[in-house]
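K.L.:
Starting off with a structure, shown below.
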Amino acid sequence: QVQLVESGGGLVQPGGSLRLSCVVSGFTFGQYVMSWYRQPPGKERESVATISIGGRTTNYADSVKGRFTVSRDNNRNTLYLQMNSLKPEDTAVYYCQRQGSPLPWGQGTQVTVSS
């Protein structure tokens, strides 16, 4: 069964950090470009970060450049998003997704940045 399972979210104060994980199953993780998306309350889902198959190439939304780092472990079928210097506007549900042939969205993981 193909699955995307996100975890690691929570409540954090502005300036804090979180590390999100996405464990995938049911397909060959190491053959796909992967991305993180987020959906803020009342807004459309948006792309946050993308990583190449081998992990050497990454791209970020302007709003998170310099603060977020995407990485992957192809041996563990896991995608990561390290989020530092978090801001209230980073509050959203975060999702992972493969590129090229998207899968049904997972449940996501809630990130709330608030004092």
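The values are calculated or read from the model by the stated rules, or taken from the named source; none is laboratory data. Please read all numbers here as calculations on a predicted model, not as lab measurements. FYI the Cβ positions are ideal-geometry reconstructions off the backbone, even for glycines, and counts take in every protein chain you see. Each accessible area value is taken on the protein alone, full model and side chains, heavy atoms only, with ligands, DNA and RNA left out. Shrake-Rupley method; radii C 1.70, N 1.55, O 1.52, S 1.80 Å.
K.L.:
Out of the residues in the range 51-68 that are over 23 Å from residue 3 (Cα atoms), outside any strand (DSSP E or B) and without any contact (Cβ under 8 Å) to a residue 24 or more places away in the chain, state the one that is most open to solvent (accessible area, probe 1.4 Å).
P.N.:
56
K.L.:
Among the residues of the range 89-109, are any of a type in the set (S, T, N, Q), open to solvent by 30 Å² or more (accessible area, probe 1.4 Å) and at positive phi?
P.N.:
Here is the first cut: in the range 89-109, the residues of a type in the set (S, T, N, Q) are 91, 97, 99, 101, 107, 109.
From the residues that got through so far, the ones that are open to solvent by 30 Å² or more (accessible area, probe 1.4 Å) too are 99, 101, 107.
Then keep just the ones that are at positive phi; that gives none.
No, the range 89-109 has no match at all.
K.L.:
Could you tell me whether any residue of the range 1-15 is in a strand (DSSP E or B) and modelled with pLDDT under 95?
P.N.:
Checking the range 1-15: at least one residue is in a strand (DSSP E or B) and modelled with pLDDT under 95.
K.L.:
Checking residue 106 against (1) part of a loop (DSSP other than H, G, I, E, B); (2) modelled with pLDDT of 95 or more, only one condition comes out false. Which one?
P.N.:
(2)
K.L.:
Please tell me if residue 71 is in contact with a Ser or Thr (Cβ under 9 Å, 6 or more places away or on another chain), open to solvent by 40 Å² or more (accessible area, probe 1.4 Å), part of a loop (DSSP other than H, G, I, E, B) and more than 22 Å from residue 1 (Cβ to Cβ).
P.N.:
Spelling it out, it is not the case that residue 71 is in contact with a Ser or Thr (Cβ under 9 Å, 6 or more places away or on another chain), open to solvent by 40 Å² or more (accessible area, probe 1.4 Å), part of a loop (DSSP other than H, G, I, E, B) and more than 22 Å from residue 1 (Cβ to Cβ).
K.L.:
Here's a follow-up. Taking the condition of being part of a strand (DSSP E or B) and either more than 14 Å from residue 108 (Cβ to Cβ) or basic (Lys, Arg) (or both), how many residues in the range 29-46 meet it?
P.N.:
2
K.L.:
Starting from residues that are open to solvent by less than 60 Å² (accessible area, probe 1.4 Å) and of a type in the set (A, V, I, L, M), keep the ones in the range 6-24 and report whichever is nearest to the chain's Cα centre (by Cα).
P.N.:
Ranking the candidates gives 20 first.
K.L.:
Out of (1) over 10 Å from the mean Cα position of the chain (by Cα); (2) modelled with pLDDT of 95 or more; (3) over 16 Å from residue 113 (Cβ atoms); (4) surrounded by 15 or more Cβ atoms within 10 Å (Cβ to Cβ), what's the single condition that is false for residue 27?
P.N.:
Result: residue 27 fails condition (2) only.
K.L.:
What's the total number of residues in the range 77-103 that are closer than 12 Å to residue 38 by Cα, part of a loop (DSSP other than H, G, I, E, B) and of a type in the set (A, V, I, L, M, F, W, C)? Walk me through how you get there before you give the answer.
P.N.:
Looking only at the range 77-103, we keep the residues that are closer than 12 Å to residue 38 by Cα, and these are 81, 89-97.
Checking the rest, the ones that are also part of a loop (DSSP other than H, G, I, E, B) come to 91.
Filter once more, keeping what is of a type in the set (A, V, I, L, M, F, W, C): none.
Final tally of qualifying residues: 0.
K.L.:
Taking the criterion of being free of Cβ contacts under 8 Å to residues at least 60 places away in the same chain, of a type in the set (A, V, I, L, M) and surrounded by 16 or more Cβ atoms within 10 Å (Cβ to Cβ), would at least one residue in the range 32-50 satisfy it?
P.N.:
Going through the range 32-50, the residues free of Cβ contacts under 8 Å to residues at least 60 places away in the same chain turn out to be 40-50.
Of the ones still in play, those that are also of a type in the set (A, V, I, L, M) are 48-49.
This time we only want the ones that are surrounded by 16 or more Cβ atoms within 10 Å (Cβ to Cβ), so: 48-49.
Yes, the range 32-50 contains a residue that is free of Cβ contacts under 8 Å to residues at least 60 places away in the same chain, of a type in the set (A, V, I, L, M) and surrounded by 16 or more Cβ atoms within 10 Å (Cβ to Cβ).
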